[in-house]
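The block underneath contains the structure these notes are about, expressed in structure tokens.
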Amino acid sequence: MKKIFIAIICLITMTGQTHACDICGCGVGSYYIGILPEFRKRFAGIRYQYKTLRSHLGPGGTTSYLTTDETYQTAELWGGWNIGKRFRILGFVPVNFNSRVNQGIRLNKAGLGDIALVGYYQLFNTQHAVADKLLVHSLWLGGGIKAPTGRYEPSERKENEDTPNNFQLGTASTDFTFNAMYDIRLMDAGINANLAYKMNTSNQYAYRYGNKFTANLLAYYKFRVAEKLTAAPNAGILYEQAAKDKESNKYSVDVSGGYSLIATCGAEVSAGIISAGVNYQPVLSQELAGMRVKAGNRAMVHVTYLF
């Protein structure tokens, strides 16, 4: 009970830091994790993420000739490595494909995004019987760094001052994350929570994306389909809160900030050394950039090799 109490305190403490960065997780800074594939030592795989955003909206979400539709797709190499029983490292190498359409004219950008590395320490991992059923829970705390490896174009911001500064491949800034992963499972039914707080720095062009808070809660159930085949459908909620960006290190950017509340549903399937997953995220509620932009539903798939 004491360890469960510690876990709850850690989660509440991090949840209180409700600040965030780039709008709705689109563009240059989304690090959704969800349920990690089960692995004992290492894993490596590829994830594909799809997101949309509509900008230049008028009162009540009305559209005009200025209204622009943006699509953000990411093919991301990701991997994890458990070092002993207490340490874990996760890495993300994204390649971004951005598209913007206005009045039938399409603009595309593609290239390497910002590489991120996150390290975790396992605070505890315990199991005991509850009414003849096995209860297992664990808490991982960690921090990471995001390198400015993606291309950032200052001209994009100057030419589009009345739109979110999302249409970039990278932020040109070195940023830091603080993370927590908590999992509690009674036999095959469990709840997984992921929290992340991303603290951004100013880039060389005196632009600073606002800090970002993300909270994700998933309930899941593991079905043992065969000896080496398991399926885990899951459903939950994802919350993102955004503070406004800063320009010239002091002026708030009006077309930034806000929050989004998103449902999540999906499934994870593991067959021996191969794991695959799919996740769909419909938007439930949002208030972004003073209601001048609207995020669309999201989707993600991954295929991962466990070794």
Residue satisfying all of: in the stretch 168-218; over 15 Å from the mean Cα position of the chain (by Cα) and of a type in the set (Asp, Glu); farthest from Asn125 (Cα to Cα) among these: Asp188
Output for the stretch 74-109, where each listed residue is without any contact (Cβ under 8 Å) to a residue 12 or more places away in the chain and outside any strand (DSSP E or B): Gly84, Gly104
Test: Ala116 is surrounded by 17 or more Cβ atoms within 10 Å (Cβ to Cβ) and on the phi > 0 side of the Ramachandran plot: no
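In the stretch 128-140, is there at least one residue being assigned to a loop (DSSP other than H, G, I, E, B) and exposed (fewer than 14 other Cβ atoms within 10 Å of the Cβ)?
Among the residues of the stretch 128-140, at least one is assigned to a loop (DSSP other than H, G, I, E, B) and exposed (fewer than 14 other Cβ atoms within 10 Å of the Cβ), which makes the answer yes.
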Output for the stretch 278-293, where each listed residue is within 15 Å of Leu238 (Cβ to Cβ) and surrounded by 21 or more Cβ atoms within 10 Å (Cβ to Cβ): Asn279, Gln281, Leu288
Filter result (farther than 21 Å from Ser275 by Cα and either in contact with a helix residue (DSSP H, G or I) (Cβ under 8 Å, 6 or more places away or on another chain) or acidic (Asp, Glu) (or both)) within the stretch 71-122: Asp114
Residue match in the stretch 231-243 (condition: surrounded by fewer than 22 Cβ atoms within 10 Å (Cβ to Cβ), of a type in the set (Asp, Glu) and within 22 Å of the chain's Cα centre (by Cα)): no
Leading residue by the ranking (farthest from Thr214 (Cα to Cα)) among those in the stretch 253-307 that are modelled with pLDDT of 95 or more and among the aromatic types (Phe, Trp, Tyr): Tyr305
Condition broken by Ser270, with the remaining ones in (1) surrounded by fewer than 16 Cβ atoms within 10 Å (Cβ to Cβ); (2) touching a residue at least 60 places away in the same chain (Cβ under 8 Å); (3) not basic (Lys, Arg) satisfied: (1)
Residue identified as surrounded by fewer than 21 Cβ atoms within 10 Å (Cβ to Cβ) and assigned to a loop (DSSP other than H, G, I, E, B) among Thr149, Thr171: Thr149
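The values are calculated or read from the model by the stated rules, or taken from the named source; none is laboratory data. Predicted model, so just to flag it, every value in this text is computed and none were measured. Reconstructed Cβ throughout: ideal geometry from the backbone, glycine too, with neighbour counts over all protein chains shown.
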